[in-house]
Amino acid sequence: MSAALIVLIGVLFASGTFLLLQRSLTRIILGVGIMANAVNVLILSIGARAGEAPIIGRDGEFTDPVPQALVLTAIVIGFGITAFLLALAWRGWTIDGNDDVEDDDEDKRVASAKPLLGGTEVPGDYQ
């Protein structure tokens, strides 16, 4: 694997992770897409080696079709996830007029509660 390919995979993973940590659902969708592409490039670069096309009647070292099949499956699954997230973003945009992911009030209450006696219990309904 070449150094340029390693740098490309690292940049894709870093930018995808950065976008996944944003509050805008549009940026999260872009992050999921970039991370999916990073994984696809990683699978192909690790699993693919040069060889002949697997055609009947040819002799020699054949290319392994498993990484290509995995990437094709990952593309289909990534497309389905992206379509679902786009529908979710559209629904949020039509209801609220923005696509920011909001904090849940219950999560805020649990995060602000202090533990009892250094344990993991919180006061309230969770005892």
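So here's what we get for this one:
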{"read-out": "Yes/no for ILE81 being out of contact with any Gly (no Cβ under 6 Å at 6 or more places or on another chain) and modelled with pLDDT under 90", "value": "no"}
{"read-out": "Residue check for ARG58: touching a strand residue (DSSP E or B) at 6+ places or on another chain (Cβ under 6 Å) and not hydrophobic (A, V, I, L, M, F, W, C)", "value": "yes"}
{"read-out": "Residue count for segment 33-53, restricted to those that are in a loop (DSSP other than H, G, I, E, B) and either at pLDDT 90 or above or surrounded by 11 or more Cβ atoms within 10 Å (Cβ to Cβ) (or both)", "value": "2"}
{"read-out": "Condition met for ILE6 (in contact with a Ser or Thr (Cβ under 7 Å, 6 or more places away or on another chain), among the aliphatic types (A, V, I, L, M) and free of Cβ contacts under 8 Å to residues at least 40 places away in the same chain)", "value": "no"}
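Yes/no matrix, rows are residues, columns are (1) touching a strand residue (DSSP E or B) at 6+ places or on another chain (Cβ under 6 Å); (2) assigned to a helix (DSSP H, G or I); (3) surrounded by 14 or more Cβ atoms within 10 Å (Cβ to Cβ):
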{"position": "THR17", "(1), (2), (3)": "no, yes, no"}
{"position": "GLY31", "(1), (2), (3)": "no, yes, yes"}
{"position": "ASP64", "(1), (2), (3)": "no, no, no"}
{"position": "GLN68", "(1), (2), (3)": "no, yes, yes"}
{"position": "LEU72", "(1), (2), (3)": "no, yes, no"}
{"position": "ILE75", "(1), (2), (3)": "no, yes, no"}
{"position": "ALA83", "(1), (2), (3)": "no, yes, no"}
{"position": "ALA87", "(1), (2), (3)": "no, yes, no"}
{"position": "GLY92", "(1), (2), (3)": "no, yes, yes"}
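The values are calculated or read from the model by the stated rules, or taken from the named source; none is laboratory data. From a predicted model like this one, the values you see are computed outputs, not experimental measurements. Positions of Cβ are backbone-derived with ideal geometry, glycine not excepted, and every protein chain shown enters the neighbour counts.
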